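K.L.:
I have a structure here, written as structure tokens, and I will follow up with some questions on it.
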Amino acid sequence: MTPSTSSAITLNINGEKHTLPVDHRTTLLDALRERLDLTGTKKGCDQGQCGACTVLIDGRRAVSCLQLAVAAEGREITTIEGVADGDRLHPVQQAFLDLDGYQCGYCTPGQICSALAVIEEHAAGWPSAVTADVRPEAGVPQLTAEEIRERMSGNLCRCGAYVSIVEAVARAAQVSAAEAAQGPSAGTEAAA
């Protein structure tokens, strides 16, 4: 008896469940783009080197070109299409727009998904390779331009919009910190 090379899987993407048959070798990137028409996630190098295909899986960054779709079953997947709250842009998206954190825009969805994770990781106190004091008692490191560049280093921009990307991440982190300090109802009051 030959084992099957395909399965029907259910992916939870942007809060919606999608059931589809896939070959076991299908990457999450190809399932998103080719099977579900979620084309915001871009195919760049297809080797995990450029970050254009970055999505969030259970809130953590993942390059979807190296993630098998079958391995993502049962996990919370967020693509660029699921970042905004209806017509209201997420603070990271708004900062990229306001500060021209893009040029051609091809890498922007991956940059934004990565920036979301960077801000969460930083707020949780996770150190980076450039964090001077990694002791837990040192607290959350300051989110300097050097910290942002290091934390975003897995996302390449062929146009070279790095200065604006760093500024956008810094601004979005400030907005996120201010919203967190005001409590969970602050975002809903601002939207009303």
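K.L.:
Would you call CYS65 within 21 Å of ALA31 (Cα to Cα), open to solvent by less than 30 Å² (accessible area, probe 1.4 Å) and without any contact (Cβ under 8 Å) to a residue 40 or more places away in the chain? Even if it seems obvious, please write down each step before you answer.
P.N.:
Values: within 21 Å of ALA31 (Cα to Cα): yes; open to solvent by less than 30 Å² (accessible area, probe 1.4 Å): yes; without any contact (Cβ under 8 Å) to a residue 40 or more places away in the chain: yes.
Yes; evaluated as a whole, the condition is true for this residue.
K.L.:
From the set of residues in the range 164-176 that are modelled with pLDDT of 95 or more and within 24 Å of ALA62 (Cβ to Cβ), which is surrounded by the most Cβ atoms within 10 Å (Cβ to Cβ)?
P.N.:
Of everything passing the filter in the range 164-176, VAL169 is surrounded by the most Cβ atoms within 10 Å (Cβ to Cβ).
K.L.:
Just one of the numbered conditions (1) farther than 19 Å from ALA52 by Cβ; (2) open to solvent by 80 Å² or more (accessible area, probe 1.4 Å) is not true of TYR106; which one?
P.N.:
Tallying (1) farther than 19 Å from ALA52 by Cβ; (2) open to solvent by 80 Å² or more (accessible area, probe 1.4 Å), TYR106 fails exactly one: (1).
K.L.:
Right, next: Criterion first (open to solvent by 80 Å² or more (accessible area, probe 1.4 Å), in contact with a helix residue (DSSP H, G or I) (Cβ under 6 Å, 6 or more places away or on another chain) and in contact (Cβ under 8 Å) with a residue 60 or more places away in the chain) does ASP100 satisfy it?
P.N.:
Yes: the conditions hold for ASP100.
K.L.:
Taking the conditions exactly as written (under 26 Å from ALA180 (Cα atoms) and part of a loop (DSSP other than H, G, I, E, B)), does ASP46 satisfy them or not? Lay out the reasoning, then the answer.
P.N.:
Working: under 26 Å from ALA180 (Cα atoms): no; part of a loop (DSSP other than H, G, I, E, B): yes.
Spelling it out, it is not the case that ASP46 is under 26 Å from ALA180 (Cα atoms) and part of a loop (DSSP other than H, G, I, E, B).
K.L.:
Does GLY74 count as within 24 Å of LEU20 (Cβ to Cβ), within 13 Å of the chain's Cα centre (by Cα) and among the small types (Gly, Ala, Ser)? Outline the logic, then answer.
P.N.:
Values: within 24 Å of LEU20 (Cβ to Cβ): yes; within 13 Å of the chain's Cα centre (by Cα): no; among the small types (Gly, Ala, Ser): yes.
It is false that GLY74 is within 24 Å of LEU20 (Cβ to Cβ), within 13 Å of the chain's Cα centre (by Cα) and among the small types (Gly, Ala, Ser).
K.L.:
If the requirement is being part of a strand (DSSP E or B), within 15 Å of the chain's Cα centre (by Cα) and modelled with pLDDT of 95 or more, which of these qualifies: LEU20, LEU32, LEU56, LEU38? Quick ask: steps written out before the conclusion?
P.N.:
Values: LEU20 fails: within 15 Å of the chain's Cα centre (by Cα); LEU32 fails: part of a strand (DSSP E or B); LEU38 fails: part of a strand (DSSP E or B).
After ruling out the rest, the residue left standing is LEU56.
K.L.:
Here's something else I'd like to know. When you look at LEU97, is it assigned by TED's automatic domain parsing to the domain that holds SER153 and within 18 Å of the chain's Cα centre (by Cα), yes or no? Before you say what the answer is, go through the steps one by one.
P.N.:
On the way: assigned by TED's automatic domain parsing to the domain that holds SER153: yes; within 18 Å of the chain's Cα centre (by Cα): yes.
Yes: the conditions hold for LEU97.
K.L.:
In the range 11-22, which residue that is open to solvent by less than 60 Å² (accessible area, probe 1.4 Å) and of a type in the set (S, T, N, Q) is nearest to GLU81 (Cα to Cα)? Don't jump to the end; show me each part of the working.
P.N.:
Taking the range 11-22 first, the residues open to solvent by less than 60 Å² (accessible area, probe 1.4 Å) are 11-14, 18, 20, 22.
This time we only want the ones that are of a type in the set (S, T, N, Q), so: 12, 14.
Values: ASN12: 13, ASN14: 7 Å.
Result: ASN14.
Rundown of residues vs (1) open to solvent by less than 20 Å² (accessible area, probe 1.4 Å); (2) more than 17 Å from LEU116 (Cβ to Cβ); (3) of a type in the set (Val, Ile, Thr), yes/no style:
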| position | (1), (2), (3) |
| --- | --- |
| ILE9 | yes, yes, yes |
| HIS24 | no, yes, no |
| LEU36 | no, yes, no |
| GLY48 | no, yes, no |
| ARG75 | no, no, no |
| GLU81 | no, no, no |
| ASP87 | no, yes, no |
| GLN93 | no, no, no |
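K.L.:
Ok, one more. Is it the case that some residue within the range 59-67 is assigned to a strand (DSSP E or B), out of contact with any Ser or Thr (no Cβ under 9 Å at 6 or more places or on another chain) and at pLDDT 95 or above?
P.N.:
We begin by selecting, within the range 59-67, every residue assigned to a strand (DSSP E or B); these are 60-63.
Now narrow it down to the ones that are out of contact with any Ser or Thr (no Cβ under 9 Å at 6 or more places or on another chain): 60.
In the following step, the residues that additionally are at pLDDT 95 or above were identified as 60.
So far as the range 59-67 goes, yes, one or more of its residues are assigned to a strand (DSSP E or B), out of contact with any Ser or Thr (no Cβ under 9 Å at 6 or more places or on another chain) and at pLDDT 95 or above.
K.L.:
Okay, next question. Inside the range 129-163, can you point out the residues that are among the small types (Gly, Ala, Ser) and surrounded by fewer than 19 Cβ atoms within 10 Å (Cβ to Cβ)?
P.N.:
Within the range 129-163, the first condition is being among the small types (Gly, Ala, Ser), and the residues that meet it are 129, 132, 138-139, 145, 153-154, 160-161.
Residues satisfying the conditions are ALA129, ALA132, ALA138, GLY139, ALA145, SER153, GLY154, GLY160.
The values are calculated or read from the model by the stated rules, or taken from the named source; none is laboratory data. Computed from a predicted model, the values in this text were never measured in an experiment. Note that we place each Cβ from the backbone using ideal geometry, even for glycine, and neighbour counts take in every protein chain shown. Just so you know, the surface numbers come from the protein's heavy atoms only, side chains and all, with ligands and any DNA or RNA stripped out. Shrake-Rupley method; radii C 1.70, N 1.55, O 1.52, S 1.80 Å.
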